[in-house]
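Asks: Below is the structure I would like to discuss, written out as C-alpha coordinates.
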Amino acid sequence: MKKLLTVLLALTLVGTMFAGGQQEDKGDQPLKIVLLVKSLGNGFFEAVADGGVEAAAELGNVESIYMGPSSATAEGQIDIIETLIAQRVDGIAISANDRDALIPVTKKAMAAGIQVISFDSGIAAGGRTIDLIPSVSELIGRQQVQLIAELTDYKGQVAVLSATSQATNQNAWIEWMYEEIKDPKYKDMELVEVVYGDDAADKSYREAVGLMQKYPNLSGIISPTTVGVLAASKAIEDENMKGKVQITGLGLPSEMQHYVENGTCGQMALWNPVDLGYTSTMILEALITEKVAGNEGDMIKVGRMGDVKVGTDGVTVMGTPFVFNKENIATYAAMF
Ligand code: RAM
(Lines give C-alpha, C1' and ligand atoms only; values in the text may rest on other atoms or scores of the structure.)
Protein backbone atom coordinates (compact mmCIF):
# COMPACT_ATOMS: atom_id res chain seq x y z
CA MET A 1 0.00 0.00 0.00
CA LYS A 2 2.79 2.35 1.01
CA LYS A 3 4.58 1.53 -2.23
CA LEU A 4 1.45 2.25 -4.24
CA LEU A 5 1.07 5.59 -2.53
CA THR A 6 4.68 6.50 -3.30
CA VAL A 7 4.19 5.62 -6.95
CA LEU A 8 1.01 7.66 -7.05
CA LEU A 9 2.75 10.60 -5.40
CA ALA A 10 5.61 10.40 -7.85
CA LEU A 11 3.19 10.30 -10.76
CA THR A 12 1.37 13.30 -9.37
CA LEU A 13 4.63 15.21 -9.10
CA VAL A 14 5.63 14.33 -12.64
CA GLY A 15 2.19 15.44 -13.73
CA THR A 16 2.55 18.72 -11.90
CA MET A 17 6.01 19.38 -13.30
CA PHE A 18 4.84 18.53 -16.77
CA ALA A 19 1.83 20.78 -16.46
CA GLY A 20 4.02 23.56 -15.03
CA GLY A 21 6.54 23.16 -17.82
CA GLN A 22 3.78 23.24 -20.39
CA GLN A 23 2.61 26.57 -19.07
CA GLU A 24 6.05 28.14 -19.16
CA ASP A 25 7.05 27.14 -22.65
CA LYS A 26 3.71 27.54 -24.37
CA GLY A 27 5.84 29.01 -27.13
CA ASP A 28 3.79 29.37 -30.26
CA GLN A 29 0.60 27.89 -28.81
CA PRO A 30 -2.26 30.37 -29.17
CA LEU A 31 -3.50 32.16 -26.07
CA LYS A 32 -6.75 30.65 -24.88
CA ILE A 33 -9.22 33.48 -24.29
CA VAL A 34 -12.67 32.53 -23.02
CA LEU A 35 -15.84 34.56 -23.36
CA LEU A 36 -17.99 33.27 -20.49
CA VAL A 37 -21.54 34.53 -20.95
CA LYS A 38 -24.61 34.62 -18.70
CA SER A 39 -26.27 31.69 -20.49
CA LEU A 40 -26.23 29.86 -23.81
CA GLY A 41 -28.98 30.17 -26.41
CA ASN A 42 -29.10 33.99 -26.27
CA GLY A 43 -28.65 35.69 -29.66
CA PHE A 44 -27.01 38.70 -28.00
CA PHE A 45 -24.18 36.53 -26.67
CA GLU A 46 -23.87 34.66 -29.95
CA ALA A 47 -23.09 38.03 -31.54
CA VAL A 48 -20.57 38.68 -28.72
CA ALA A 49 -18.92 35.35 -29.66
CA ASP A 50 -18.62 36.52 -33.29
CA GLY A 51 -16.68 39.54 -32.04
CA GLY A 52 -14.29 37.26 -30.12
CA VAL A 53 -13.61 35.22 -33.23
CA GLU A 54 -13.03 38.40 -35.24
CA ALA A 55 -10.49 39.72 -32.70
CA ALA A 56 -8.73 36.34 -32.54
CA ALA A 57 -8.36 36.25 -36.34
CA GLU A 58 -6.93 39.75 -36.31
CA LEU A 59 -4.52 39.08 -33.44
CA GLY A 60 -3.29 35.77 -34.85
CA ASN A 61 -2.01 34.43 -31.51
CA VAL A 62 -5.41 33.86 -29.88
CA GLU A 63 -7.95 31.04 -29.75
CA SER A 64 -11.41 32.40 -28.89
CA ILE A 65 -13.54 30.05 -26.79
CA TYR A 66 -17.24 30.65 -26.10
CA MET A 67 -18.84 29.18 -22.98
CA GLY A 68 -21.84 29.64 -20.71
CA PRO A 69 -24.18 27.73 -18.42
CA SER A 70 -27.52 26.48 -19.75
CA SER A 71 -29.42 28.91 -17.52
CA ALA A 72 -28.33 32.31 -16.19
CA THR A 73 -27.03 31.34 -12.73
CA ALA A 74 -23.91 32.23 -10.76
CA GLU A 75 -23.51 28.55 -9.75
CA GLY A 76 -23.32 27.47 -13.38
CA GLN A 77 -20.63 30.08 -14.06
CA ILE A 78 -18.64 29.11 -10.95
CA ASP A 79 -18.48 25.47 -12.10
CA ILE A 80 -17.21 26.54 -15.51
CA ILE A 81 -14.55 28.83 -14.02
CA GLU A 82 -13.29 25.97 -11.81
CA THR A 83 -12.85 23.86 -14.95
CA LEU A 84 -11.08 26.69 -16.76
CA ILE A 85 -8.64 27.07 -13.87
CA ALA A 86 -7.83 23.35 -14.09
CA GLN A 87 -7.38 23.71 -17.86
CA ARG A 88 -5.03 26.69 -17.37
CA VAL A 89 -6.59 28.99 -19.93
CA ASP A 90 -4.93 32.39 -20.31
CA GLY A 91 -7.83 34.80 -19.92
CA ILE A 92 -11.55 34.88 -19.15
CA ALA A 93 -14.01 37.69 -19.91
CA ILE A 94 -17.18 37.16 -17.89
CA SER A 95 -20.68 38.61 -18.24
CA ALA A 96 -21.59 37.95 -14.62
CA ASN A 97 -24.82 36.55 -13.26
CA ASP A 98 -23.94 38.02 -9.86
CA ARG A 99 -21.54 40.84 -9.04
CA ASP A 100 -20.32 39.32 -5.74
CA ALA A 101 -20.89 35.56 -5.83
CA LEU A 102 -18.21 34.97 -8.46
CA ILE A 103 -15.46 36.80 -6.59
CA PRO A 104 -13.93 33.85 -4.66
CA VAL A 105 -13.56 31.74 -7.80
CA THR A 106 -12.32 34.59 -10.00
CA LYS A 107 -9.76 35.47 -7.31
CA LYS A 108 -8.64 31.84 -7.42
CA ALA A 109 -8.32 32.10 -11.21
CA MET A 110 -6.26 35.28 -10.95
CA ALA A 111 -4.02 33.69 -8.31
CA ALA A 112 -3.43 30.86 -10.79
CA GLY A 113 -2.15 33.42 -13.33
CA ILE A 114 -5.31 33.76 -15.42
CA GLN A 115 -6.31 37.27 -16.48
CA VAL A 116 -9.95 37.97 -15.57
CA ILE A 117 -12.11 40.84 -16.77
CA SER A 118 -15.85 41.29 -16.69
CA PHE A 119 -17.87 42.71 -19.55
CA ASP A 120 -21.55 43.55 -20.15
CA SER A 121 -22.61 42.56 -16.60
CA GLY A 122 -19.87 43.33 -14.12
CA ILE A 123 -18.07 41.62 -11.25
CA ALA A 124 -17.37 43.98 -8.32
CA ALA A 125 -13.87 45.51 -8.06
CA GLY A 126 -11.48 42.98 -6.53
CA GLY A 127 -12.89 40.08 -8.53
CA ARG A 128 -11.44 41.20 -11.90
CA THR A 129 -9.12 43.80 -13.33
CA ILE A 130 -11.20 45.63 -15.92
CA ASP A 131 -14.99 45.83 -16.14
CA LEU A 132 -15.97 46.70 -19.72
CA ILE A 133 -19.43 48.22 -19.81
CA PRO A 134 -21.20 48.91 -23.11
CA SER A 135 -22.18 52.44 -22.16
CA VAL A 136 -22.60 54.58 -19.04
CA SER A 137 -25.28 52.94 -16.87
CA GLU A 138 -26.92 56.26 -16.04
CA LEU A 139 -27.36 57.06 -19.71
CA ILE A 140 -28.80 53.62 -20.50
CA GLY A 141 -31.28 53.68 -17.60
CA ARG A 142 -32.50 57.23 -18.19
CA GLN A 143 -32.83 56.64 -21.93
CA GLN A 144 -35.12 53.64 -21.36
CA VAL A 145 -37.62 55.83 -19.48
CA GLN A 146 -37.40 58.54 -22.14
CA LEU A 147 -38.11 55.99 -24.87
CA ILE A 148 -41.23 54.58 -23.18
CA ALA A 149 -42.49 58.07 -22.28
CA GLU A 150 -42.35 59.10 -25.93
CA LEU A 151 -44.41 56.03 -26.83
CA THR A 152 -47.02 56.45 -24.05
CA ASP A 153 -47.39 60.21 -24.35
CA TYR A 154 -45.88 60.55 -20.87
CA LYS A 155 -48.90 58.86 -19.32
CA GLY A 156 -49.90 55.81 -17.30
CA GLN A 157 -48.49 52.83 -15.50
CA VAL A 158 -45.30 51.26 -16.78
CA ALA A 159 -43.58 48.10 -15.58
CA VAL A 160 -40.13 46.66 -16.09
CA LEU A 161 -39.51 43.13 -17.34
CA SER A 162 -35.88 42.46 -16.43
CA ALA A 163 -33.46 39.55 -16.79
CA THR A 164 -32.40 37.84 -13.52
CA SER A 165 -32.84 39.55 -10.16
CA GLN A 166 -29.07 39.39 -9.53
CA ALA A 167 -27.90 40.73 -12.91
CA THR A 168 -25.39 43.53 -12.32
CA ASN A 169 -26.13 45.36 -15.54
CA GLN A 170 -29.95 45.35 -15.48
CA ASN A 171 -30.01 46.24 -11.76
CA ALA A 172 -27.79 49.26 -12.35
CA TRP A 173 -29.95 50.44 -15.26
CA ILE A 174 -33.18 49.97 -13.27
CA GLU A 175 -31.83 52.14 -10.43
CA TRP A 176 -31.35 54.92 -12.96
CA MET A 177 -34.88 54.38 -14.34
CA TYR A 178 -36.26 55.09 -10.86
CA GLU A 179 -34.13 58.25 -10.74
CA GLU A 180 -35.21 59.45 -14.17
CA ILE A 181 -38.91 58.98 -13.55
CA LYS A 182 -38.72 61.40 -10.59
CA ASP A 183 -38.41 64.25 -13.09
CA PRO A 184 -41.65 66.34 -13.08
CA LYS A 185 -42.08 65.75 -16.80
CA TYR A 186 -43.09 62.18 -15.89
CA LYS A 187 -45.61 63.27 -13.23
CA ASP A 188 -48.42 61.38 -14.98
CA MET A 189 -46.40 58.19 -15.16
CA GLU A 190 -45.81 55.53 -12.52
CA LEU A 191 -43.28 52.70 -12.48
CA VAL A 192 -45.46 50.05 -10.84
CA GLU A 193 -43.31 46.92 -10.67
CA VAL A 194 -40.16 45.12 -11.77
CA VAL A 195 -40.53 41.44 -12.72
CA TYR A 196 -37.85 38.96 -13.78
CA GLY A 197 -37.91 36.68 -16.81
CA ASP A 198 -34.40 35.33 -16.09
CA ASP A 199 -33.33 35.79 -19.72
CA ALA A 200 -35.40 32.70 -20.52
CA ALA A 201 -37.89 33.18 -23.37
CA ASP A 202 -40.74 31.18 -21.77
CA LYS A 203 -40.48 32.75 -18.31
CA SER A 204 -40.15 36.25 -19.82
CA TYR A 205 -43.28 35.64 -21.92
CA ARG A 206 -45.27 34.45 -18.87
CA GLU A 207 -44.12 37.43 -16.81
CA ALA A 208 -45.17 39.84 -19.57
CA VAL A 209 -48.62 38.24 -19.78
CA GLY A 210 -48.83 38.37 -15.97
CA LEU A 211 -48.13 42.11 -15.97
CA MET A 212 -50.89 42.80 -18.49
CA GLN A 213 -53.35 40.77 -16.40
CA LYS A 214 -52.36 42.37 -13.11
CA TYR A 215 -52.44 45.94 -14.46
CA PRO A 216 -55.38 46.22 -16.90
CA ASN A 217 -54.48 49.86 -17.54
CA LEU A 218 -50.81 49.23 -18.15
CA SER A 219 -49.53 51.66 -20.77
CA GLY A 220 -46.02 50.35 -21.28
CA ILE A 221 -43.35 47.76 -20.58
CA ILE A 222 -39.63 48.50 -20.47
CA SER A 223 -37.57 45.37 -20.98
CA PRO A 224 -33.83 46.09 -20.76
CA THR A 225 -32.85 42.62 -21.97
CA THR A 226 -32.80 41.30 -25.52
CA VAL A 227 -34.57 38.11 -24.40
CA GLY A 228 -37.26 39.98 -22.46
CA VAL A 229 -38.11 42.61 -25.06
CA LEU A 230 -38.60 39.94 -27.72
CA ALA A 231 -40.80 37.77 -25.47
CA ALA A 232 -42.85 40.77 -24.31
CA SER A 233 -43.46 41.93 -27.89
CA LYS A 234 -44.85 38.51 -28.74
CA ALA A 235 -46.98 38.49 -25.56
CA ILE A 236 -48.44 41.92 -26.42
CA GLU A 237 -49.49 40.71 -29.86
CA ASP A 238 -50.86 37.39 -28.58
CA GLU A 239 -52.91 39.19 -25.92
CA ASN A 240 -54.25 41.65 -28.52
CA MET A 241 -52.69 44.54 -26.63
CA LYS A 242 -50.82 46.04 -29.58
CA GLY A 243 -51.32 49.81 -29.52
CA LYS A 244 -52.62 49.69 -25.95
CA VAL A 245 -49.47 48.47 -24.23
CA GLN A 246 -46.28 50.03 -25.60
CA ILE A 247 -42.97 48.22 -25.41
CA THR A 248 -39.39 49.43 -25.46
CA GLY A 249 -36.13 48.04 -24.15
CA LEU A 250 -32.74 46.83 -25.24
CA GLY A 251 -33.35 44.67 -28.28
CA LEU A 252 -31.26 42.87 -30.84
CA PRO A 253 -32.26 44.36 -34.23
CA SER A 254 -32.00 41.00 -36.01
CA GLU A 255 -34.50 39.49 -33.55
CA MET A 256 -36.77 42.55 -33.23
CA GLN A 257 -36.99 43.76 -36.85
CA HIS A 258 -40.47 42.26 -37.30
CA TYR A 259 -41.91 43.94 -34.18
CA VAL A 260 -40.26 47.29 -34.86
CA GLU A 261 -41.40 47.37 -38.48
CA ASN A 262 -45.00 46.41 -37.62
CA GLY A 263 -45.19 49.04 -34.87
CA THR A 264 -45.56 46.77 -31.82
CA CYS A 265 -42.26 48.17 -30.57
CA GLY A 266 -42.09 51.83 -31.57
CA GLN A 267 -38.43 52.25 -30.64
CA MET A 268 -35.72 50.56 -28.63
CA ALA A 269 -32.00 50.83 -28.01
CA LEU A 270 -28.83 48.72 -27.91
CA TRP A 271 -25.11 48.78 -28.65
CA ASN A 272 -23.22 46.42 -30.92
CA PRO A 273 -22.63 43.09 -29.11
CA VAL A 274 -20.07 42.09 -31.74
CA ASP A 275 -17.99 45.09 -30.64
CA LEU A 276 -18.33 43.99 -27.02
CA GLY A 277 -16.86 40.53 -27.72
CA TYR A 278 -14.18 42.05 -29.95
CA THR A 279 -13.16 44.65 -27.38
CA SER A 280 -13.14 42.15 -24.47
CA THR A 281 -10.87 39.80 -26.39
CA MET A 282 -8.51 42.60 -27.42
CA ILE A 283 -8.30 43.88 -23.82
CA LEU A 284 -7.53 40.41 -22.46
CA GLU A 285 -4.81 39.85 -25.05
CA ALA A 286 -3.20 43.17 -24.08
CA LEU A 287 -3.31 42.20 -20.38
CA ILE A 288 -1.98 38.66 -20.94
CA THR A 289 0.93 39.84 -23.09
CA GLU A 290 1.57 42.64 -20.58
CA LYS A 291 1.13 45.44 -23.10
CA VAL A 292 -0.90 47.12 -20.35
CA ALA A 293 -1.50 46.51 -16.64
CA GLY A 294 -5.11 47.71 -16.70
CA ASN A 295 -4.57 50.51 -14.19
CA GLU A 296 -6.74 53.61 -14.05
CA GLY A 297 -5.80 55.97 -16.87
CA ASP A 298 -4.22 53.26 -19.05
CA MET A 299 -5.05 53.51 -22.74
CA ILE A 300 -5.63 50.17 -24.44
CA LYS A 301 -5.41 49.78 -28.20
CA VAL A 302 -8.50 47.95 -29.43
CA GLY A 303 -8.02 47.39 -33.18
CA ARG A 304 -10.85 48.92 -35.21
CA MET A 305 -12.43 50.37 -32.05
CA GLY A 306 -9.50 52.72 -31.47
CA ASP A 307 -8.26 53.34 -27.91
CA VAL A 308 -10.25 52.70 -24.76
CA LYS A 309 -9.34 54.31 -21.47
CA VAL A 310 -9.45 52.45 -18.14
CA GLY A 311 -11.49 54.45 -15.65
CA THR A 312 -11.92 54.42 -11.86
CA ASP A 313 -12.09 50.91 -10.33
CA GLY A 314 -11.26 49.43 -13.73
CA VAL A 315 -14.60 50.46 -15.23
CA THR A 316 -14.11 51.01 -18.96
CA VAL A 317 -16.83 52.32 -21.25
CA MET A 318 -17.28 51.24 -24.87
CA GLY A 319 -19.62 53.80 -26.46
CA THR A 320 -23.18 55.10 -26.62
CA PRO A 321 -26.32 53.09 -27.43
CA PHE A 322 -28.01 53.30 -30.81
CA VAL A 323 -31.74 53.94 -30.98
CA PHE A 324 -33.65 51.82 -33.50
CA ASN A 325 -36.99 52.57 -35.15
CA LYS A 326 -38.90 51.68 -38.34
CA GLU A 327 -36.57 53.79 -40.46
CA ASN A 328 -33.22 52.28 -39.51
CA ILE A 329 -33.91 48.80 -38.10
CA ALA A 330 -33.28 46.90 -41.36
CA THR A 331 -29.77 48.31 -41.68
CA TYR A 332 -28.80 47.21 -38.16
CA ALA A 333 -30.64 43.87 -38.39
CA ALA A 334 -28.16 42.88 -41.08
CA MET A 335 -25.27 43.48 -38.66
CA PHE A 336 -26.37 42.09 -35.28
C1 RAM B 1 -29.52 40.23 -22.59
C2 RAM B 1 -28.52 40.03 -21.47
C3 RAM B 1 -27.34 40.97 -21.58
C4 RAM B 1 -27.79 42.39 -21.83
C5 RAM B 1 -28.68 42.46 -23.03
C6 RAM B 1 -29.19 43.86 -23.28
O7 RAM B 1 -29.07 39.62 -23.75
O8 RAM B 1 -29.18 40.23 -20.26
O9 RAM B 1 -26.58 40.89 -20.40
O10 RAM B 1 -26.71 43.28 -21.97
O11 RAM B 1 -29.80 41.60 -22.83
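Asks: Could you tell me the relative contact order of region 137-270? Use alpha-carbon pairs under 8 Å, at least six residues apart, and round to a whole percent. Display every interim value, and only then the final one.
Replies: Details: 260 pairs, mean separation 36.6, N = 134.
The normalised contact order for region 137-270 reaches 27 percent.
Asks: Helix by helix, which DSSP H runs in the chain go 27 Å or more along their axis at the Cα atoms and have an average Kyte-Doolittle hydropathy of 0.5 or more? Each step should come with its number before you reach the end.
Replies: Working: long enough: 2-24 (33 Å, 0.78).
Span-like helices, by this rule, are 2-24.
Asks: Hey, if we sort Glu296, Glu193 by accessible area with the 1.4 Å probe, largest down, what's the order? Display every interim value, and only then the final one.
Replies: Values: Glu296 125, Glu193 50 Å².
I get Glu296, Glu193, largest accessible area first.
Asks: Between region 84-104 and region 138-198, what's the alpha-carbon centroid distance in Å?
Replies: One Cα centre to the other: 30 Å.
Asks: Select from Ala201, Ala47, Ala86 the residue whose mean-square fluctuation is largest in a Gaussian network model of the chain (Cα-Cα springs shorter than 10 Å).
Replies: Ala86
Asks: Taking amide H atoms as placed 1.01 Å from N in the peptide plane, list the residues 5 or more away in sequence, or in a different chain, whose amide H sits under 5 Å from that of Leu132.
Replies: Under 5 Å from the amide H of Leu132 lie the amide H atoms of Ser118, Phe119, Asp120, Thr316, each far enough along the sequence or on another chain.
Asks: Checking a compactness column here: for region 241-336, what do you get for Rg(Cα) / (2.2 N^0.38 Å), N being the number of residues? Intermediate results must be reported in sequence, preceding the final value.
Replies: Numbers: Rg = 17.4 Å, N = 96, 2.2 N^0.38 = 12.5 Å.
Normalised Rg, Cα atoms only: 1.40.
Asks: Also, I was wondering about something else. What do the square roots of 5 times the Cα gyration tensor eigenvalues come to for the chain, in whole Å, largest first, as semi-axes of the equivalent ellipsoid? Walk me through the numbers on the way to the answer.
Replies: Details: eigenvalues 339, 87, 60 Å².
Semi-axes from the Cα gyration tensor: 41, 21, 17 Å.
Asks: Okay, next question. Identify, among Tyr186, Ala286, Ile85, the residue whose Cα sits farthest towards the positive end of the charge dipole of the chain, taking +1 on the Cβ of Lys and Arg and -1 on the Cβ of Asp and Glu, with the dipole about the Cα centre.
Replies: Ile85
Asks: OK, next. Rg and Dmax of region 137-270, Cα atoms, in Å?
Replies: Spelled out, the Cα radius of gyration and Dmax of region 137-270 are 12.9, 36 Å.
Asks: Separate question: With the crude spin-label approximation of a point 7 Å out along Cα→Cβ, what separation in nm comes out for Met335 versus Ala293?
Replies: Between Met335 and Ala293, the label points sit 3.6 nm apart.
Asks: Quick one: dipole size for region 137-270, taken about the Cα centre, charges +1 on Lys/Arg Cβ and -1 on Asp/Glu Cβ, in debye to the nearest 20.
Replies: Numbers: 11 positive and 19 negative charges, 47 e Å.
The calculation lands at about 220 debye.
Asks: Counting only heavy atoms of the protein chains, get the accessible area per residue of region 69-133 (1.4 Å probe) and round it to a whole Å² value.
Replies: Working: 2220 Å² over 65 residues.
Per residue, region 69-133 has an accessible area of 34 Å².
Asks: Now for a different question. Using the Cα atoms as the points, what is the convex hull volume per residue of region 38-104 in Å³?
Replies: Numbers: hull volume 5.8 nm³, N = 67.
About 86 Å³ per residue, rounded to a whole number.
Asks: Assuming 0.36 nm per residue, please report the length gained on full extension of the stretch Ala125 to Val194 beyond their Cα-Cα distance. Mind dumping the intermediate values first?
Replies: Numbers: separation 69, 0.36 × 69 = 24.84 nm, distance 2.65 nm.
Between Ala125 and Val194, full extension yields an extra 22.2 nm.
Asks: Based only on the alpha carbon positions, what is the Kirkwood hydrodynamic radius of region 196-285, in angstrom?
Replies: Values: mean 1/r = 0.0735 Å⁻¹.
About 13.6 Å for region 196-285.
Asks: What list of ³J(HN,Hα) couplings, whole Hz, do you get for region 153-158 from phi and the Karplus terms 6.51, -1.76, 1.60, once you set θ to phi - 60° and write x for glycine and proline?
Replies: So the Karplus estimates, Gly and Pro as x, are 6, 6, 9, x, 7, 10 Hz.
Asks: Could you report region 137-270's accessible area per residue, 1.4 Å probe, as an integer in Å²?
Replies: On the way: 5230 Å² over 134 residues.
Each residue of region 137-270 exposes 39 Å² on average to a 1.4 Å probe.
Asks: Under a point-charge model restricted to the Cβ atoms of Lys and Arg (+1) and Asp and Glu (-1), what is the dipole moment magnitude of region 54-162 relative to its Cα centre, in debye to the nearest 20?
Replies: On the way: 7 positive and 14 negative charges, 59 e Å.
Magnitude of the dipole: close to 280 debye.
Asks: If you take every DSSP beta bridge fully contained in the chain, what fraction is antiparallel? Give it as a percent rounded to 5.
Replies: Antiparallel bridges make up about 15 percent of those DSSP assigns within the chain.
Asks: Roughly speaking, what is the stretch gain from Asp100 to Gln87, that is 0.36 nm per residue apart minus the C-alpha to C-alpha distance, in nm to one decimal? Walk me through the intermediate numbers first.
Replies: Values: separation 13, 0.36 × 13 = 4.68 nm, distance 2.36 nm.
Computed gain between Asp100 and Gln87 is 2.3 nm.
Asks: Could you state the number of Å between the C-alpha centres of region 249-303 and region 308-336?
Replies: 6 Å
Asks: Additional query: Amide H to amide H, which residues 5 or more places from Trp271 or on other chains are under 5 Å from it, using H placed in the peptide plane?
Replies: Under 5 Å from the amide H of Trp271: Phe322.
Asks: Take every Cα pair under 8 Å in the chain that's 6+ residues apart, average their separations, divide by the length, and report that relative contact order as a whole percent. Intermediate values should be presented prior to the final figure.
Replies: Numbers: 695 pairs, mean separation 60.1, N = 336.
For the chain, the relative contact order is 18 percent.
Asks: Assign unit charges at the C-beta atoms only (+1 for Lys and Arg, -1 for Asp and Glu), then state the dipole size of the chain relative to its Cα centre in Debye, rounded to the nearest 20. Write down the numbers at each step before the final one.
Replies: Details: 26 positive and 43 negative charges, 111 e Å.
The calculated dipole for the chain is roughly 540 debye.
Asks: Working with all protein chains in place, sort Arg206, Arg304 by solvent-accessible area computed with a 1.4 Å probe, largest first.
Replies: The ranking, largest first, comes out as Arg206, Arg304.
Asks: While we're looking at this one, here's another question. Which order do the peptides 57-63, 284-290, 34-40 take when ranked by the mean count of other beta-carbon atoms within 10 Å per residue, highest first?
Replies: Working: 57-63: 14.4, 284-290: 19.7, 34-40: 24.6.
The most tightly packed comes first, giving 34-40, 284-290, 57-63.
Asks: Where the accessible area of region 137-270 is counted over protein heavy atoms with a 1.4 Å probe, how much of it, in %, is carbon and sulfur?
Replies: Details: 2450 of 5230 Å².
Ligands and nucleic acids excluded, carbon and sulfur give 47 percent.
Asks: Further question on the same structure: In a shell of Cβ-Cβ distance under 11 Å around Tyr154, excluding Tyr154 itself, what net charge do Lys and Arg (+1) and Asp and Glu (-1) give? All intermediate terms of the calculation are to be shown ahead of the outcome.
Replies: On the way: positive: Lys155, Lys185, Lys187; negative: Glu150, Asp153, Asp183, Asp188.
Net local charge, Tyr154 excluded: -1.
Asks: Shifting gears a bit: Starting from the Cα of Glu261, step 7 Å toward the Cβ, then list every residue of region 223-254 with an amide N under 12 Å from that point.
Replies: 254
Asks: Tell me which of Ala232, Gly251, Ile222 sits at the most positive position along the dipole axis of region 219-264, charges placed on C-beta atoms (Lys, Arg +1; Asp, Glu -1).
Replies: Comparing the listed Cα positions along the dipole, Ile222 ranks first.
Asks: Turning to a different aspect of this structure: In nm, what is the difference between 0.36 nm times the number of residues separating Leu40 and Ser70 and their Cα-Cα distance?
Replies: Details: separation 30, 0.36 × 30 = 10.80 nm, distance 0.54 nm.
Gain on extension, Leu40 to Ser70, equals 10.3 nm.
Asks: In addition: What are the semi-axes of the equivalent ellipsoid for region 84-146, taken as the square roots of 5 times the Cα gyration tensor eigenvalues, largest first, in whole Å? Can you show the working numbers first?
Replies: Details: eigenvalues 147, 21, 14 Å².
Those come to 27, 10, 8 Å.
Asks: Let me ask you something else. Calculate the FRET efficiency for Lys214 and Asn61 from the Cβ-Cβ distance with a Förster distance of 45 Å, rounded to the nearest 0.05. Provide the component values of the computation, followed by the final result.
Replies: Numbers: r = 54 Å, r/R0 = 1.20.
My answer for the efficiency is 0.25.
The values are calculated or read from the model by the stated rules, or taken from the named source; none is laboratory data. As the structure is a prediction and not an experimental result, all values here were calculated from the model. With ideal geometry, Cβ positions are generated from the backbone for all residues, glycine too; neighbour counts draw on all protein chains shown. In case anyone asks, the SASA skips ligands and DNA or RNA and just uses the protein heavy atoms, side chains included. Shrake-Rupley method; radii C 1.70, N 1.55, O 1.52, S 1.80 Å.
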